[in-house]
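In what follows, a single structure is set out as structure tokens and then discussed.
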Amino acid sequence: MKIKTILVYKIDLPLREGSYSFSSGRSIKFYDSTIVRIETDQGLIGYGEVCPLGPAYLPAYAAGVRAGIAELGPHLIGLDPTQVGVVSRTMDRFLKGHPYVKSPIDMACWDILGQAAGVPISTLLGGCDGEAVQCYRAISLDLPERMAESVAGYRDEGYRRFQLKVGSDVSTDIARVAKVADGMKTDEVLVADANGGWLSHEALQIVHAIRDLDVYVEQPCLTYEENLTVRRQASQPFVLDESIDGIGALLRAHADRAMDAINIKISKFGGLTIARQVRDICVAAGIAMTIEDSGGSGIVTAAIAHLAHSTPERFRFNCSDCNSYLALEIAENAPHRVDGAIAAPTGAGLGVSPRLDLLGEAVVKIG
Ligand code: MG
């Protein structure tokens, strides 16, 4: 089988809440998402998606995806998409870095591999463990009372895990965590995620002030070294997200015992091929995982569900149903949350069907 054509679509996805805010004054009004369609000479078609959370979250931006695929795509025509390792290494050979550019291509190849094998991607990744995967809800940064109200609303929708966006001033952040922690039920999980928004002296004030609350601390500071400083003086379970951007970073952080859990965003690692390696290292090393991506529709959510559902249940800290943050559905058969959890689609490959009528004309065509 050969890759015949690569088509790239841009779609602006409206947010259910109208906007999404996180540390350091960052806010987005919609998701600028990129959908990749790979057509093969044997008629199979695979889809992938990547959606950076605006241009200032990770070193990734939406227009860069499209430019990167235009650069990389011609080198992939003629490759066998079912040889996902070969495709992944070929992408690394012709484009240094830029994992977010490679992620939707890798995802589309896994979609084709699953269809060719007649099984869901979750089977290729080891097989589903348990019935479903618990999702967390990110709570947009706001006044403490409003964040508590938001948690209550999402609890009514079935969520039991909440990730508070923090990372403004010290006293308000302490109030945010305290206010929400006060209303937590016994079976619920609360994470305070600063997305790197604190300096270490601020983070230390905060982790000490909330030391008696049942809360996880996630990526308090920007750099790995600052986070390590905080980690070594904090009593809370500690999660690293933005700092873990590759296998080298993971191995170093594990050697330093720098965290108890990490966030696997599929696009941070260039797709499912490397994300699976990261997942398997974490399982071997006893590191729990939040499996997610920076954003996207039902296509990304399906990929997340396949990776998360095939991860041993004990190692699943959290998972994100990105699709439910949107006011628009662009893929049929995407995972939908039941009692706060999603399951991997059961169809072959990703198991979702993007609505072509919503994608419009391709903005990049290769092959
Ligand atoms: Mg995070």
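Within region 42-54, count every residue that is at pLDDT 95 or above and not in a strand (DSSP E or B).
Number of matching residues: 5.
Of the conditions (1) within 16 Å of the ligand (Cβ to nearest atom); (2) free of Cβ contacts under 8 Å to residues at least 24 places away in the same chain; (3) open to solvent by 10 Å² or more (accessible area, probe 1.4 Å), S171 satisfies every one except a single condition; which number is it?
Only one criterion is unmet by S171, namely (1).
Got a sec? Which of V180, V207 is under 18 Å from S140 (Cβ atoms) and more than 14 Å from the ligand (Cβ to nearest atom)?
Exactly one of V180, V207 is under 18 Å from S140 (Cβ atoms) and more than 14 Å from the ligand (Cβ to nearest atom), namely V180.
Limited to region 333-355, what total is found for residues that are closer than 27 Å to G18 by Cβ and either open to solvent by less than 20 Å² (accessible area, probe 1.4 Å) or out of contact with any Gly (no Cβ under 8 Å at 6 or more places or on another chain) (or both)?
Summing the residues that are closer than 27 Å to G18 by Cβ and either open to solvent by less than 20 Å² (accessible area, probe 1.4 Å) or out of contact with any Gly (no Cβ under 8 Å at 6 or more places or on another chain) (or both) in region 333-355 gives 9.
Taking the stated definitions as given, is L213 surrounded by fewer than 22 Cβ atoms within 10 Å (Cβ to Cβ) and either in a loop (DSSP other than H, G, I, E, B) or not assigned by TED's automatic domain parsing to the domain that holds F162 (or both)?
Here the answer is yes, as L213 does meet what is asked.
In region 174-200, which residue that is touching a Lys or Arg at 6+ places or on another chain (Cβ under 7 Å) and part of a strand (DSSP E or B) is most open to solvent (accessible area, probe 1.4 Å)?
V189
Working carefully through the options S297, S320, S310, find the one that is within 16 Å of the ligand (Cβ to nearest atom), among the hydroxyl-bearing types (S, T, Y) and modelled with pLDDT of 95 or more.
Exactly one of S297, S320, S310 is within 16 Å of the ligand (Cβ to nearest atom), among the hydroxyl-bearing types (S, T, Y) and modelled with pLDDT of 95 or more, namely S320.
Are any residues in region 212-244 without any contact (Cβ under 8 Å) to a residue 60 or more places away in the chain and of a type in the set (D, E, K, R), and if so, which ones?
Answer for region 212-244, where residues must be without any contact (Cβ under 8 Å) to a residue 60 or more places away in the chain and of a type in the set (D, E, K, R): D212, D214, E218, E225, E226, R231, R232, D241.
Which is closer than 29 Å to A343 by Cβ and among the β-branched types (V, I, T), of V133, V170, V166?
Sole residue among the options that is closer than 29 Å to A343 by Cβ and among the β-branched types (V, I, T): V133.
Among what's in region 112-148 and is charged (D, E, K, R) and part of a helix (DSSP H, G or I), pick the residue that is farthest from D293 (Cα to Cα).
Looking at the filtered set, the residue picked out is E145.
Got at least one residue in region 248-257 being open to solvent by 10 Å² or more (accessible area, probe 1.4 Å), within 16 Å of the ligand (Cβ to nearest atom) and more than 23 Å from R161 (Cβ to Cβ)?
Among the residues of region 248-257, at least one is open to solvent by 10 Å² or more (accessible area, probe 1.4 Å), within 16 Å of the ligand (Cβ to nearest atom) and more than 23 Å from R161 (Cβ to Cβ), which makes the answer yes.
Given R161, R155, which one is in the same structural domain as V300 (by TED's automatic domain parsing), within 16 Å of the ligand (Cβ to nearest atom) and open to solvent by 40 Å² or more (accessible area, probe 1.4 Å)?
Answer to the check: R161.
Consider Y61 carefully, then state whether it is under 22 Å from T301 (Cβ atoms), of a type outside the set (V, I, T) and surrounded by fewer than 24 Cβ atoms within 10 Å (Cβ to Cβ).
Answer is yes for this residue.
The values are calculated or read from the model by the stated rules, or taken from the named source; none is laboratory data. Remember, it's a predicted structure, so these values are computed and weren't measured experimentally. When we count neighbours, we look across all protein chains shown, and the Cβ atoms used for this are built from the backbone with ideal geometry, even at glycine. SASA here: full protein model, heavy atoms, side chains in, ligands and nucleic acids out. Shrake-Rupley method; radii C 1.70, N 1.55, O 1.52, S 1.80 Å.
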